[in-house]
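The values are calculated or read from the model by the stated rules, or taken from the named source; none is laboratory data. Everything numeric in this text was worked out from a predicted model, so none of it was measured. Note that we place each Cβ from the backbone using ideal geometry, even for glycine, and neighbour counts take in every protein chain shown.
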Amino acid sequence: MKKTTEEFLIDLENKGFKFQEDAIGFIYFGKKYTDAPDELVNSAIEITLKAQKQFDSSFYMSILERLHSQKIPSRKEALRWMEKQGLA
């Protein structure tokens, strides 16, 4: 089941990852700026956390823009792209 970005963030917080308010604002700014679907936004958050071990706003935005511009359609494809980029 695909999750909304809000559900995804709640799940991460329930697993112990705490987002600062400005980070959450930035996540939604990136979503609106790129007009990316939730699955792509969630993938960009996941890739950011896996690669940086924390939420890095500029890294997230860069990943989201690249996923969106390359028309990556799903989380599975996004994670495959991440590995090809050497981010895993």
Selection count where residues are touching a residue at least 12 places away in the same chain (Cβ under 8 Å) and assigned to a helix (DSSP H, G or I), scope the stretch 68-83
6
Taking the conditions exactly as written (exposed (fewer than 15 other Cβ atoms within 10 Å of the Cβ), modelled with pLDDT of 95 or more and of a type in the set (Lys, Arg)), does Lys50 satisfy them or not?
no
Collect the residues in the stretch 62-88 that are surrounded by fewer than 15 Cβ atoms within 10 Å (Cβ to Cβ) and either touching a strand residue (DSSP E or B) at 6+ places or on another chain (Cβ under 7 Å) or of a type in the set (D, E, K, R) (or both), keeping them in residue-number order.
Lys71, Lys76, Arg80, Glu83, Lys84
Which one is farthest from Pro73 (Cα to Cα) among residues in the stretch 1-58 that are basic (Lys, Arg), assigned to a helix (DSSP H, G or I) and touching a residue at least 12 places away in the same chain (Cβ under 8 Å)?
Lys50
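Of everything in the stretch 4-19 that's touching a helix residue (DSSP H, G or I) at 6+ places or on another chain (Cβ under 8 Å) and either at pLDDT below 95 or farther than 14 Å from Asn42 by Cα (or both), which residue is surrounded by the fewest Cβ atoms within 10 Å (Cβ to Cβ)?
Going residue by residue through the stretch 4-19, those that are touching a helix residue (DSSP H, G or I) at 6+ places or on another chain (Cβ under 8 Å) are 4-5, 8-9, 12, 17, 19.
Of the ones still in play, those that are also either at pLDDT below 95 or farther than 14 Å from Asn42 by Cα (or both) are 17, 19.
Values: Phe17: 13, Phe19: 15.
Ranking the qualifying residues of the stretch 4-19, first place goes to Phe17.
Among the listed residues Glu39, Glu21, identify the single one that is over 12 Å from the mean Cα position of the chain (by Cα) and acidic (Asp, Glu).
On inspection, the qualifying residue turns out to be Glu21.
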Being among the acidic types (Asp, Glu), part of a helix (DSSP H, G or I) and without any contact (Cβ under 8 Å) to a residue 12 or more places away in the chain: is that true of Glu65 here?
no
